[in-house]
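Single-structure report; data block below.
Here, each number is a calculation from the coordinates, and none is a lab measurement. As the structure is a prediction and not an experimental result, all values here were calculated from the model. Glycine gets a Cβ as well: all are built from the backbone with ideal geometry, and neighbour counts include every protein chain shown.
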Amino acid sequence: MSEKNGKLPTDELLPALIADFQLENSLIVQATPGAGKTTRIPVALINVTKKTILVLEPRRLAARLSAERVAHEIGEQCGETIGYHVRYDKCESARTRVKYITEGIFSRLILEDPELKDISCVIIDEFHERHVHTDIALMLVNLLQKSIRPDLKLIIMSATLDTFGLQNYLPNAKVHSSLGRTFPIEIEHLEANLLHKKLPNLIYDAIESLLNNPKYSGDILVFLSGAYEIQKTHENIKNLANKYNAIIFQLKADLSPVEQQKVFRTSEKRKIILSTNVAETSVTIEGVTGVIDCGLAKIAGHASWSGLPTLDTLPISQSSCIQRSGRAGRTQAGIAKRLYTSFDFQMRPTFQKPEIQRVDLTQTLLEMKIIEKKLKLKNTNTHFSFPWFDAPPQNILHSCSALLQFLNAFDENNNITKIGIEIAQYPLHPRLGRILYEAHSKNIFSQAIVIVSLINEGSILKRGIQAPDVGESDLYFQFNLIKNYVLKNEYSLFEKSIIETQSLKRVETHIRHLCQQNKIKFTDCFKPVSIDDLSYIILMGYPDRVCQIRKQNKVNLSGKKELNLCLGGGAFLSQSSVVQDSEFLIAIDAEESTQALSQANSTQIRICHGINPEILIAAPAYFIQESEDYIWDENAQRVRSSKKTLYGKLTLEEIPIRQHTNKHEEILLKELASAWPKPFEDDNALRYLTKRIGLAKLADLTIYTPNFSDEDFKLLLCHICENKKSFDEILDKDLEDYLDELLPYETKKLLNEFFPSHIVIGKGRKVKINYEEDKPPWVASRLQDFFGTLQTPRICKESIPLVVHLLAPNMQAVQVTTDLAGFWARGYLEIKKELSRKYPRHSWPDDPKTAEPPEYVMRRKRK
């Protein structure tokens, strides 16, 4: 092996590092950018270990370029001693001793071989980026070292490293540091008076400034937040590149290897390299003396309330800012223009929050359960037996575990099921694995590959367009677009106007990859498939994402349809979705806004699949419930009831309950108690009865009856509500009738005998006896009705005189007395004089004691 390149700072560490490597099982290496740790350390260990060395990189680009650089340095072709394995691509052979792989590939590798039998050393590079797979790799290797692989070596490497936390986790690890070779870098921050300018304009001005700066005449590296921003910037600065005879390159993960290599070749023209954050940690780009940093990146997150993964454009940490600026001084002095203020930089966190604390861990948890099972680790009945380096938040662990239970991948005790083992075989999110698992039963596995590829890679439609059609499913609509392209190998004008070519190619690549893995013929993926079969398999992967169009009395201001989510909460249906006419749909992809006024307004469902509610019955039992709903209709003054079939919190079917139930009475009783004495005009009948009972007790009568005005009031209400649903039904009887039905026969007999409700006077006229609180019993009738009645009427065996109200023809009392005989003798003649003048047509005899009262004519009650 002959070294082609000159000495690098890390070379000075190698003797001590190799010596410690042979004695210790864990090492920590901290070396500044450009020191050569990624390329020099792995190859230096080949002669002191017999098995393969794995080097874990956070990105595909870094893994492939590092392998190619090291192979070149030792005078070999890549794939011989040095190889790589990344998504969709690998270059290795039986001779390969050092293999650069992405962290995700490592997760799949350890699923196949949890003991890492053929691996002697795992090197985790760029640890400071703290991807989920980084933390998982550290945890798993550490676990293997402490159990079945004490001979397994671990090296942690990074330019900016929190060694304190790592040394606590790996207390026996030796730390090696290299300051590396540094060149001075001039840092320029944005002036506050330029904050009003839009970012594209700031980027344009910064590039032009560097192109005009004779002090730093090298290539320019521009850090942008994503592929879309790279494309837009490329278009925006074309004229600038032409003006200064420069050439523009793009550097992003989805470029072909040929295109990526062009970035690293020397060029006669000055290079302007537009890059995502992949350039923060990849192999040094020779010749860069100017860096322009927008200070932003696409950062993965996870909305635990909805289960929706997020990818938001957010400010990067201080350590990432330093990494980006450092790219200007790798090979010579340089300048870094930060398109954010110095104050902004100071306010940023030192390190980015680890992914394991903010992203969806569903796939990770499933894979770890497989490893736990294969390694026969003791299940602690919590989430895992594994020692976390940084533990994820409990809400993320619980929501991900709940999803795995929804998918039947975990049982209720978080143990992996047979279905879980099956779907873990696919290198996909468990939702997509469940879709493929179910597709076998419907004999549509090949077509399901297209569906999961669309979900995994994202929409092939251009962003921001209105729905190009109305259909049952965004996925089915795009399935047919891809099918047309594959079969015709060309677009129609319409398709060309809505399809994002790069996205289509990305999805096609993923389809071909899954076809190769599963030995499926590519063209079989586009065979006809029924929408109902698609609905079933998608439901199995997304049972918790079912939504229902909200019934609206008026259109909201945005004009977008509102949705109720099956687990609660709400969202909007984006107008870019073709699914505008389905009542029920499955939300596949969404955008979330942090500036929305409410949570319901913050989520817009972009990609969804309309579904027939009859198919929803096939969902896991957790989601399907039978429910009886009883509510009080204030307008109709009645209990409304229905039997509902629910999907989570959504109503699939509602049928009125015709038969009477206790629940009707329960609600009616509550409303009657609240509205009392309504629906009756008043509760005088109750007060009347209560007074009669009270008088009976004062008279020492033995009487057994409920105390309706106090503790037994509810008994009365229950009786009134029995077998009824409404106030109208209650009013079929008077309150007096309900009270009478509750009185025992003996009580009624005693009351009627001692404290009757009426007396009879004159020629058969019945006069009601009034029993009122704090008043003696009294009767009232026209004076003429009492003609011939010589003595005051009495009750309770003649022991209680009634107070008699003698009424004039206008029904106003002209005398109140308990001595009727005395009134006839002393008061009648005086009153007669006055009333006979006012009412001459009425009878005014001289002797009322012997006069005939008027005839009583009974009138029927009006119904």
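Okay, here's what the table says:
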| quantity | calculated |
| --- | --- |
| Prolate/oblate/rounded call for the range 645-800, Cα gyration tensor, a/c under 1.5 rounded | prolate |
| Paramagnetic reach from residue 617 in the range 655-670 [backbone N under 15 Å; point 7 Å along Cα→Cβ] | 655 |
| Candidate aspartates and glutamates for bridging to residue 749, where Cα separation is under 14 Å - those fewer than 8 sequence places away on the same chain excluded | 740, 741 |
| The chain: angle of helix 394-406 to the longest principal axis, Cα-based, in degrees nearest 10 | 80 |
| Extreme residue, positive dipole direction of the range 758-838, given options 820, 787, 758 (C-beta unit charges) | 787 |
| Unsatisfied cross-links (Cα-Cα over 24 Å) in the set 197/269; 99/521; 232/252; 678/733; 90/373; 561/643 | 197/269; 99/521; 90/373; 561/643 |
| FRET E, pair residue 484, residue 23, Förster distance 60 Å, beta-carbon r, rounded to 0.05 | 0.45 |
| Residue-span extension gain [residue 722 to residue 175] - 0.36 nm each, minus C-alpha spacing | 188.7 nm |
| Enclosed volume per residue, in Å³, of the convex hull spanned by Cα atoms of the chain | 278 |
| Set of lysines with alpha-carbon distance to residue 376 below 19 Å, sequence-local pairs under 8 removed | 117, 146, 418 |
| Furthest towards positive pole of dipole, 84, 413, 673, structure part the chain, Cβ charges | 84 |
| Sparse-neighbourhood loop sites, GluC sites (Glu not before Pro) in the range 152-251 - DSSP loop, at most 11 other Cβ within 10 angstrom | 191 |
| Peptide ranges 523-535, 658-670 listed from the most packed, as the mean C-beta count within 10 angstrom indicates | 523-535, 658-670 |
| FRET efficiency estimate (nearest 0.05) - Cβ-Cβ, residue 531 to residue 760, R0 60 angstrom | 0.10 |
| Stretchable slack from residue 633 to residue 235, in nm (0.36 nm times residue separation minus alpha-carbon distance) | 137.0 nm |
| Computed [θ] at 222 nm, deg cm²/dmol, the chain (DSSP H ≥ 4; -39,500 (n - 2.57); rounded to nearest 500) | -10500 deg cm²/dmol |
| Cα-centred dipole magnitude for the range 9-178, charges only on beta-carbon of K, R (+1) and D, E (-1), debye, nearest 20 | 220 |
| Rh by Kirkwood over Cα pairs, then Stokes-Einstein D for the range 37-184 at 1.002 mPa s and 20 °C, µm²/s | 137 |
| DSSP-assigned coil residues among trypsin sites (Lys or Arg not before Pro) in the range 719-806, each with at most 10 further Cβ atoms within 10 Å | 797 |
| Nearest 10 degrees, 0 to 90: helix 662-675 Cα axis against the chain principal axis | 70 |
| Using alpha-carbon coordinates, inclination of helix 745-754 to the longest axis of the chain, degrees | 40 |
| Rounded FRET efficiency, nearest 0.05, which uses the C-beta distance separating residue 836 from residue 737 and R0 of 60 Å | 0.90 |
| Computed lengthening from residue 394 to residue 411, 0.36 nm per intervening residue step minus Cα-Cα distance | 4.3 nm |
| Residue 666 paired with residue 353, simple spin-label distance in nm, labels 7 Å along Cα-to-beta-carbon | 4.3 |
| Cross-link partners of residue 775 among lysines (Cα-Cα below 17 Å; sequence separation of 8 or more within a chain) | 691, 697 |
| Student exercise, the chain dipole from Lys, Arg, Asp, Glu Cβ charges, in Debye to nearest 20 | 1020 |
| Magnitude of the charge dipole, the range 670-748, Cβ model with Lys/Arg +1 and Asp/Glu -1, debye to 20 | 220 |
